[in-house]
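*Asks:* The structure's right below; bear with me while I get my questions together.
The values are calculated or read from the model by the stated rules, or taken from the named source; none is laboratory data. Remember, predicted model here, so these are calculated numbers, not experimental data. Quick reminder, even Gly has a Cβ in these numbers, built from the backbone with ideal geometry, and neighbours come from all protein chains shown. These area figures cover heavy atoms from the full protein model, side chains too; ligands, DNA and RNA do not enter into them. Shrake-Rupley method; radii C 1.70, N 1.55, O 1.52, S 1.80 Å.
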Amino acid sequence: MVGYAFMGAAHSQAWRTVNRVFDLPARATMVAVCGRDGAKVAEAASRLGWAEAVTDWRALIARDDIDVIDVCTPGDSHAEIAIAALEAGKHVLCEKPLANSVDEARAMVAAAVKARALGVRSACGFNYRRVPAVSLMRNLIAEGRLGAIRHVRAVYLQDWITDPNFPLVWRLQKDKAGSGALGDIGAHIIDLTQFVTGQTITGVAGLTETFVKERPLPAESSGLSASAGAATGEVTVDDAAVFVARLSGGGLATYEATRFATGRKNGLKVEINGERGSLVFDLERLNELEFYDATLPTAEQGFSRILVTEGDHPYVAAWWPPGHILGYEHSFTHEMRDFIEAIATGSDPTPSFEDALQVQLVLDAVERSGAADAAWISVVES
Ligand SMILES: NC(=O)c1ccc[n+]([C@@H]2O[C@H](COP(=O)([O-])OP(=O)(O)OC[C@H]3O[C@@H](n4cnc5c(N)ncnc54)[C@H](O)[C@@H]3O)[C@@H](O)[C@H]2O)c1
């Protein structure tokens, strides 16, 4: 694994847990973790459960006893690490968004296609697909329970940089992060809605805004926390993005991604309206799915709350008895479960780099639309 902070910790927990919970045809062994600071990565290795710590990711890729490279670094190093790893015959799991630009994402897809021909697999870490309620949402839509999809309404709301004195961490720098709220959290709702509907976004019109244009440079930062230094610098990404979209199935969609929704900590909410019913998912109540079945007799219609903790719900049987709820971290364990199973059975894990390129094309289209006063931009097929 490369990178050991926020996602590094989430992925480590999943790698530690996955074989203890799921009965899989292959076993994950946590061989080595990479970071740039020798002392810090050694401490992280011992805390997170990795046998060794190294300071150059190339050392991981050169080793014969490593089969999988898990990329948990900021977007500016995804393409370089993932492409080198795939070329060295390592399966790659890469955090989202896949890259910082469409060009990088295309290069990653080209490497993935070549590697796939040799049985080397790749996937992008859109973990919310693996929340059981989200998987159930997809299954119900695939079974036709909503009929034709008319509306997708998706928001991802956070508030961690509303204070103008919050420092200019890497997530606020375009050269490191690619974009701001758009690529960080907007990417999640783009992938999630394309996943559950089985449709793609074909065009967008949107606005982006950077509300706080200058911030103190960080004295020190780790994960999402940081302390401010005396000097300041320019914020080079969006603080918020809103856009409307057309879906390949003819529906209309709205999206909002912001880090300025005061009071909203990690508010991901998606509502889908179809001709036969509606589904609603709210990450703050991730064990639940709301379902309105318009095919029921009128007197019985109404939103019902499905507690997604039954053994016949996706992923749940391996965990606890009904009603013994799951949390955020389980989505990562499920991600590793599906990744390991695909590798062991010689199939391609999802979301593929191609799926993640589709998300990148949407991000790029929203950015270009925002720069052109909400002009309509078609999302060209990858
Ligand atoms: N799936 C999710 O829900 C989710 C949530 C947060 C972040 N992410 C994604 O995960 C990735 C990492 O984000 P994070 O929140 O973990 O960031 P972070 O700042 O918490 O951690 C980044 C880690 O990468 C290391 N690093 C940076 N450049 C490196 C390099 N060149 N070589 C080796 N190590 C390097 C840092 O030292 C740190 O350990 C990003 O792509 C981000 O978009 C995904």
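*Asks:* Is it the case, given these coordinates, that Gly8 is near the ligand (Cβ under 9 Å from one of its atoms), out of contact with any Phe, Trp or Tyr (no Cβ under 9 Å at 6 or more places or on another chain) and open to solvent by less than 20 Å² (accessible area, probe 1.4 Å)? Show your work before the answer.
*Replies:* Numbers: near the ligand (Cβ under 9 Å from one of its atoms): yes; out of contact with any Phe, Trp or Tyr (no Cβ under 9 Å at 6 or more places or on another chain): yes; open to solvent by less than 20 Å² (accessible area, probe 1.4 Å): yes.
So Gly8 passes the test.
*Asks:* Hey, can you tell me all the residues within region 177-195 that are surrounded by 23 or more Cβ atoms within 10 Å (Cβ to Cβ) and touching a Pro at 6+ places or on another chain (Cβ under 7 Å)?
*Replies:* Scanning region 177-195 gives Gly178, Gly183, Ala187, Asp191.
*Asks:* Which condition does Glu143 not pass, out of (1) open to solvent by 30 Å² or more (accessible area, probe 1.4 Å); (2) more than 14 Å from Glu214 (Cα to Cα); (3) touching a residue at least 60 places away in the same chain (Cβ under 8 Å), if it passes all the others?
*Replies:* (3)
*Asks:* Of the numbered conditions (1) over 19 Å from Asp76 (Cβ atoms); (2) open to solvent by less than 20 Å² (accessible area, probe 1.4 Å), Arg153 satisfies every one except a single condition; which is it?
*Replies:* Of (1) over 19 Å from Asp76 (Cβ atoms); (2) open to solvent by less than 20 Å² (accessible area, probe 1.4 Å), only one is false for Arg153: (2).
*Asks:* Follow-up question, since we're still on this one. Which condition number does Ile69 fail, the rest of (1) within 26 Å of Tyr315 (Cβ to Cβ); (2) assigned to a helix (DSSP H, G or I); (3) of a type in the set (A, V, I, L, M) being met?
*Replies:* So the condition that Ile69 fails would be (2).
*Asks:* Can we say Leu93 is of a type in the set (A, V, I, L, M), touching a Pro at 6+ places or on another chain (Cβ under 9 Å) and either free of Cβ contacts under 8 Å to residues at least 40 places away in the same chain or within 13 Å of the ligand (Cβ to nearest atom) (or both)?
*Replies:* Working: of a type in the set (A, V, I, L, M): yes; touching a Pro at 6+ places or on another chain (Cβ under 9 Å): yes; either free of Cβ contacts under 8 Å to residues at least 40 places away in the same chain or within 13 Å of the ligand (Cβ to nearest atom) (or both): yes.
Criteria met by Leu93.
*Asks:* With the condition being open to solvent by 20 Å² or more (accessible area, probe 1.4 Å) and under 19 Å from Asp191 (Cβ atoms), I'd like the strands (runs of 3 or more DSSP E) fully within region 251-356 carrying at least 3 qualifying residues.
*Replies:* Per the criteria, 252-258.
*Asks:* Then there is this: Filter region 11-55 for residues that are aromatic (Phe, Trp, Tyr), within 15 Å of the ligand (Cβ to nearest atom) and not in a helix (DSSP H, G or I) and give the result.
*Replies:* Matches in region 11-55: Trp50 only.
*Asks:* Quick check on my filter: what residues within region 101-110 are surrounded by fewer than 24 Cβ atoms within 10 Å (Cβ to Cβ) and touching a residue at least 60 places away in the same chain (Cβ under 8 Å)? Explain how you work it out, then say what you get.
*Replies:* Step one: of region 101-110, the residues surrounded by fewer than 24 Cβ atoms within 10 Å (Cβ to Cβ) are 101-104, 106-107, 109-110.
Within region 101-110, Ser101, Val102, Arg106, Val109 qualify.
*Asks:* For the structure I just gave you, tell me whether Ala133 is open to solvent by less than 30 Å² (accessible area, probe 1.4 Å) and outside any strand (DSSP E or B).
*Replies:* Values: open to solvent by less than 30 Å² (accessible area, probe 1.4 Å): yes; outside any strand (DSSP E or B): yes.
Yes, satisfied.
*Asks:* Return yes or no: is Arg63 out of contact with any helix residue (DSSP H, G or I) (no Cβ under 8 Å at 6 or more places or on another chain), more than 15 Å from the ligand (Cβ to nearest atom), open to solvent by less than 70 Å² (accessible area, probe 1.4 Å) and farther than 19 Å from Lys176 by Cβ?
*Replies:* yes
*Asks:* Next up: Please count how many residues of region 77-100 are surrounded by fewer than 18 Cβ atoms within 10 Å (Cβ to Cβ) and of a type outside the set (A, V, I, L, M).
*Replies:* The number of residues fulfilling the criteria is 4.
*Asks:* Residue check: is Thr236 open to solvent by 50 Å² or more (accessible area, probe 1.4 Å) and in a loop (DSSP other than H, G, I, E, B)?
*Replies:* Taking the combined requirement at face value, the residue satisfies it.
*Asks:* Can I ask one more? Could you list, in sequence order, all residues of region 41-56 that are open to solvent by 30 Å² or more (accessible area, probe 1.4 Å) and either under 21 Å from Ala14 (Cα atoms) or aliphatic (A, V, I, L, M) (or both)?
*Replies:* Ala42, Glu43, Ser46, Arg47, Gly49, Ala51, Glu52, Ala53, listed by residue number.
*Asks:* Against the definition (open to solvent by less than 10 Å² (accessible area, probe 1.4 Å) and part of a loop (DSSP other than H, G, I, E, B)), how does Ala115 come out, yes or no?
*Replies:* The answer is no for Ala115.
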